[in-house]
1. What residue, among those in the range 31-67 that are modelled with pLDDT of 95 or more and in a loop (DSSP other than H, G, I, E, B), is most open to solvent (accessible area, probe 1.4 Å)?
2. Name the pairs: first residue in the range 68-82 and in a loop (DSSP other than H, G, I, E, B), second residue open to solvent by 100 Å² or more (accessible area, probe 1.4 Å), Cβ to Cβ under 9 Å, at least 6 apart or on different chains?
Amino acid sequence: MPWDCAGGFVDAGTVMACTGHECDEDDEGVRHWLLDARTLEVRGSVAYPSHPGEGPARPLGDGTWLTYDEEGGVLHRWSAAEG
C-alpha cells in the first residue's frame, strides 16, 4: 500500500498516516491508519462512525486529529477510542 505524504503525530506514541488520497491507488478510497510511533507497526485503520475520513487527516499531537468534510463544509475533530 502506498503511503501519502499527509500524516503526523496524534500523540507521543502514535503516528497517523494516510493512503489513497494522493496516490489514488487504494481501491477502498482514503484511509487513515494509526501506527506505533517507535516501531511504525500498523495498529489499525480508523473507522469513522458518521462519515468517511475523506482527504488528509491533520494530527494535532494532543491525542486528536482533524478532518474536513468539503461537501458539508464541516471540520471534524476526532480521538481514538480507548480499549
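The values are calculated or read from the model by the stated rules, or taken from the named source; none is laboratory data. All values reported here derive from a predicted model rather than from experimental measurement. Note that each Cβ is placed from the backbone with ideal geometry, even for glycine, and that neighbours are counted across all protein chains shown. With ligands, DNA and RNA removed, areas are computed over all heavy atoms of the protein, side chains included. Shrake-Rupley method; radii C 1.70, N 1.55, O 1.52, S 1.80 Å.
1. Restricting to residues being modelled with pLDDT of 95 or more and in a loop (DSSP other than H, G, I, E, B), the top hit is 38.
2. Qualifying pairs under 9 Å: 70/54; 71/54; 80/43.
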